[in-house]
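First comes the structure, then the notes that go with it.
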Amino acid sequence: MIKNPKRRKYKDNPYEIKVINEEYFISFKDSNNKNQNIKVSSQIFEIFNESELHDLSELNEYDRHIEHSEVFDITLYRKASNEIYSLEQEVEDKLFNQELKKCIGMLPEVQKRRIIKYYFEDKNEYEIAKEEATTHQAVNKSLKQAREKLKEILKK
């Protein structure tokens, strides 16, 4: 079965490529804001697919280097307000981070997965709930329990 490509889209991209019942389509909105699906050959589909991959590569490259090329007040403030850590402080921070990773690994699978998504992937409870087909209350409760368990583990 051929799958639809799922990838990050540039906000100004006017089209989307789709595979429906092993047929290839390019979907877009016309001047009347009406959705249009145009059936295309596999060769045309592949050209659009490669173009999207190339665009995605450029977007990722841009994101990785944007901070280096643009200077904003907030960026300057963050850089100016960074405290200089002593070597001892850096070693303590690294040891704590290693211990924290070890403790997260001791959590039940669901709590571990949700803690990682919430704190390391910067997802909110609603996004996690949608991904896992559950309620945000369940995610909230799970995160709360995970934090409590981490506190207990770290105290020992």
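Below are the figures for this structure:
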{"read-out": "Heavy atoms of Asp122 accessible to a 1.4 Å probe, total area in Å² rounded to 10", "value": "130"}
{"read-out": "Alpha-carbon centroids, segment 124-156 and segment 24-46: separation in whole Å", "value": "41"}
{"read-out": "Violating pairs (Cα-Cα greater than 29 angstrom) within the set Lys94/Lys130; Lys34/Lys117; Lys102/Lys123", "value": "Lys94/Lys130; Lys34/Lys117"}
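The values are calculated or read from the model by the stated rules, or taken from the named source; none is laboratory data. Values in this document were obtained by computation on a predicted structure and should not be read as measured data. Keep in mind that these areas ignore ligands, DNA and RNA; they rest on the heavy atoms of the full protein, side chains included. Shrake-Rupley method; radii C 1.70, N 1.55, O 1.52, S 1.80 Å.
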